[in-house]
1. Is it the case, given these coordinates, that Y178 is assigned by TED's automatic domain parsing to the domain that holds S121, in a loop (DSSP other than H, G, I, E, B) and in contact with a Lys or Arg (Cβ under 7 Å, 6 or more places away or on another chain)?
2. Which residue pairs have Cβ atoms closer than 6 Å, lie 6 or more positions apart in sequence or on different chains, and pair a first residue in region 129-155 that is over 18 Å from I202 (Cβ atoms) and outside any loop (DSSP other than H, G, I, E, B) with a second residue that is modelled with pLDDT under 95 and aromatic (F, W, Y)?
3. Hey, among L352, L367, which residue is in contact (Cβ under 8 Å) with a residue 40 or more places away in the chain, within 23 Å of F51 (Cα to Cα) and either among the hydroxyl-bearing types (S, T, Y) or touching an Asp or Glu at 6+ places or on another chain (Cβ under 8 Å) (or both)?
4. What are the residues in region 260-289 that are out of contact with any strand residue (DSSP E or B) (no Cβ under 9 Å at 6 or more places or on another chain) and either without any contact (Cβ under 8 Å) to a residue 24 or more places away in the chain or aromatic (F, W, Y) (or both), if any?
5. Are any residues in region 287-311 closer than 14 Å to L96 by Cβ and among the aliphatic types (A, V, I, L, M), and if so, which ones?
6. Tell me which of these I286 doesn't satisfy, since it passes every other one: (1) in contact with a Phe, Trp or Tyr (Cβ under 8 Å, 6 or more places away or on another chain); (2) closer than 23 Å to G342 by Cβ.
7. Residue under question is R340, and the condition is that it be crowded, with 23+ Cβ neighbours inside 10 Å and assigned by TED's automatic domain parsing to the domain that holds P28; does it hold?
8. Does at least one position in region 128-140 carry a residue that is under 26 Å from E271 (Cα atoms), surrounded by 19 or more Cβ atoms within 10 Å (Cβ to Cβ) and within 18 Å of the chain's Cα centre (by Cα)?
Amino acid sequence: MATVLNLPGPRARSIIERDRDVISASYPRAYPFVMDHGKGSQVWDVDGNRFLDFAAGIAVASTGHSHPAVVKAIQEQAEKFIHISSDFYHEGWVRLGERLDEIAPFSEPAASFMTNSGTESVEAAIKLARYTTGRSQFIGFFGGFHGRTMGAVTFTASKNHYHKGFFPLMNGVTHAPYPDSYRPILASLNGESYGETVVHYIEKEILGKIVPPEEVAGILVEPIQGEGGYIIPEAGFFPALRELCDQHGILLMVDEVQSGMGRTGKWWAIENFGVEPDIVCAAKGIASGVPLGAMIARKRLMSWPKGAHGNTYGGNPLACAATLATIDLLESGYMENASRVGAVALQKLETLAQRHPSIGQVRGMGLMIGIDFVKDQQTREPDEDMRDMVVDLAFERGLLLLGCGKSVIRFSPPLSLTLDELEEGMEIFEEAVEIAEENVRTLAA
């Protein structure tokens, strides 16, 4: 296990000081890590300290840092040409569209609109839904995170500071509770699942009292909430939601920016719930760190005419090459590895949780795992301070983690993570939890 001392080091401190002078203060920095280079699930800072990376650049480095196959694909493309705008064609763009059609979670042909990020994919989905349906209203969910541009941030409802200072937001979005059975806010009736309860709430309270269903273009939802706390929806939710959408001609739009591209052991998290969406928003892990996103829809919905939407850099040749290499790697083993190593990680974390009263729940699919810290396991009151302390202590010991939700630490490492790396990371993580719990006991004494 690596021992990391005196963080940040002198070179890191110097770079952080320079950053303060020239970079927007709006960027949320978790702790003073200044990266120098990485390989797979391991990274080194500018002072030579080695870390295990269980954050993967917010679930972006899906094939690990600088995978040779991805690097080679980028280099080979860069030697040919780096950019050609969306006013023209290139084969890599078409090949990527064909691969996305192959893996899209639809039982009919798909078409894609390439973007540079998750939030751009969401914005494209909003526009397509409005154009295709001729309707203007949408339903989102509390706890959701969909980006920070004006349309996407209107759907985002995980923290109020994402909205502070930016009102008025886009008109036409009504939020519903997300089916979080660990902290439910609705009462289930007649023995139905909590997922079904939420859909009945949407039908009776939102469509019945606020927004006429014939005015609703789409329902935008994360199959597993990411920034909201790695929350897995209660059983029955998606089948009931799909049925509701079909009943009223509403498009089911899934934000797979964080949960997609093999992270749960399947191409898309929605595939774990047995329903097909109408639109998928993708980004993050799609290109192993090169900026690219995609709005993937049933082809019959892509009815908008030339010029209705566009993007200068969308389908960038370097990004397409990286994505094609990424898809090959995920398909040839990393997606299965996410399922296998993720199952071991869940088992180890559930066992660890039994030894630590600060952990209320461990939940996840594949290598998308959340550890929820609580002040009391019975009341389930979130413990944000404990969560933050564990993140900082892990960093000081050589493990990169990120929080999400109110009190959750996420495990979202590269999908190439080995069992040996998992074991090393688990040892650091438990040491951080033990020290944090001891600190709390000391303060309470």
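The values are calculated or read from the model by the stated rules, or taken from the named source; none is laboratory data. Because the structure is predicted, anything quoted here is derived from the model rather than measured. As a convention, Cβ positions derive from the backbone with ideal geometry for all residues, glycine included, and neighbour counts pool all protein chains shown.
1. No.
2. V153/Y162
3. On the way: L367 fails: either among the hydroxyl-bearing types (S, T, Y) or touching an Asp or Glu at 6+ places or on another chain (Cβ under 8 Å) (or both).
Of L352, L367, the one residue that is in contact (Cβ under 8 Å) with a residue 40 or more places away in the chain, within 23 Å of F51 (Cα to Cα) and either among the hydroxyl-bearing types (S, T, Y) or touching an Asp or Glu at 6+ places or on another chain (Cβ under 8 Å) (or both) is L352.
4. W267, F273
5. A287, V290, L292, A294, M295, I296
6. With respect to (1) in contact with a Phe, Trp or Tyr (Cβ under 8 Å, 6 or more places away or on another chain); (2) closer than 23 Å to G342 by Cβ, I286 is out only on (1).
7. Answer is no for this residue.
8. Yes.
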